[in-house]
1. Of the accessible area of the chain, with the probe set at 1.4 angstrom, what percent is carbon plus sulfur?
2. Looking at the chain as a GNM with Cα springs under 10 Å, which of Ala146, Ala76, Ala29 has the largest mean-square fluctuation?
3. Return one whole number: the accessible area per residue of the chain in Å², for a 1.4 Å probe.
4. Once amide H atoms are built 1.01 Å from N in the peptide plane, which residues 5 or more positions from Leu145, or in another chain, come under 5 Å H to H?
5. Sort Leu193, Leu57 by heavy-atom solvent-accessible area, probe 1.4 angstrom, most to least.
6. If you compute Cα Rg over 2.2 N^0.38 Å for the structure shown, which of (i) 1.03; (ii) 1.07; (iii) 1.16 do you land on?
7. Just how large is the dipole of the stretch 89-194 about the Cα centre, in debye to the nearest 20, putting +1 at every Lys and Arg Cβ and -1 at every Asp and Glu Cβ?
8. I need the phi-derived Karplus couplings for the stretch 86-100: 6.51 cos²θ - 1.76 cosθ + 1.60, θ = phi - 60°, integer Hz, Gly and Pro marked x.
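The values are calculated or read from the model by the stated rules, or taken from the named source; none is laboratory data. Note that the coordinates shown come from a computational prediction; the quantities given were computed from them, not determined experimentally. Here the Cβ positions follow ideal geometry from the backbone for every residue, glycine too, while neighbour counts run over all protein chains shown. Side chains are part of the model used for accessible areas, which takes the heavy atoms of the whole protein and leaves out ligands, DNA and RNA. Shrake-Rupley method; radii C 1.70, N 1.55, O 1.52, S 1.80 Å.
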Amino acid sequence: MATKAEQRAATTARLIEVAREQFTTHGYADAPTEDIVRIAGVTRGALYHHFGSKEGLFHAVLDAVQHDVGERVEAAAGQVEGTWEQLIAGCAAFLEASRDPQVQRIMLIDAPAVLGWAAWRELDAQYSMKSLREALAALQAQGELAPLSLDALTHLLSGAMNEAALWIAQSDQPAALDDAVAALRHLLESLRLR
């Protein structure tokens with residue numbers, strides 16, 4: 001028999017899983033909580049008990065999506081040697097993730113609208129920007145990156161990648177991802193000292 005903690009964990013995981021599917025398919029605004037709880041096999045009270053609101057559930061779903069994107073970035077970076085190539089591979093993986101329907105709808109389209117720009121930026125800073133800044137700092141420490149402000153560089157590159165991810169997500173051009181990765185590689189190479 002499952003403990004109360006195990007039951008809670010199973011309920012929250014199931015709600016996040018179902019909401020992730022519903023938010024991807026219908027968007028946040030058009031995914032009724034009635035459908036989410038019915039498909040998850042729980043009560044509306046369970047949703048509100050664990051997440052407080054539909055927005056709280058969305059926040060948990062977004063957190064899961066961002067975590068998954070972070071894992072993709074780390075996995076891609078771990079496939080290559082050298083800090084510079086790891087940066088390129090991680091950035092390319094971030095851009096590639098923008099082709100995933102869950103990332104498109106939940107992270108790129110709905111999150112800024114549902115949570116507000118400031119909250120979305122704060123989450124982005126916790127995930128993507130933190131990893132990016134660490135990689136840039138390592139490259140500067142190795143003497144491979146121009147000695148520019150890490151804060152400025154991180155914000156500029158993060159903004160460029162977020163904009164490119166939106167463009168890729170909404171583009172009907174088959175080469176959008178390849179074009180964005182090539183442009184990003186060229187941009188980063190212009191900052192390289194070796």
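1. Carbon and sulfur: 54 percent of the exposed surface of the chain.
2. Result for the chain, Cα springs under 10 Å: Ala29 fluctuates most.
3. I get 52 Å² per residue for this part.
4. Excluding prolines and chain starts, which carry no amide H, the hits are Gln140, Leu193.
5. So the residues, ranked largest to smallest area, are Leu193, Leu57.
6. Recomputing Cα Rg over 2.2 N^0.38 Å here gives the entry labelled (iii).
7. 220
8. For the stretch 86-100, the Karplus-derived couplings read 5, 4, 4, 5, x, 5, 5, 5, 4, 5, 5, 4, 5, 7, 6 Hz, x marking Gly and Pro.
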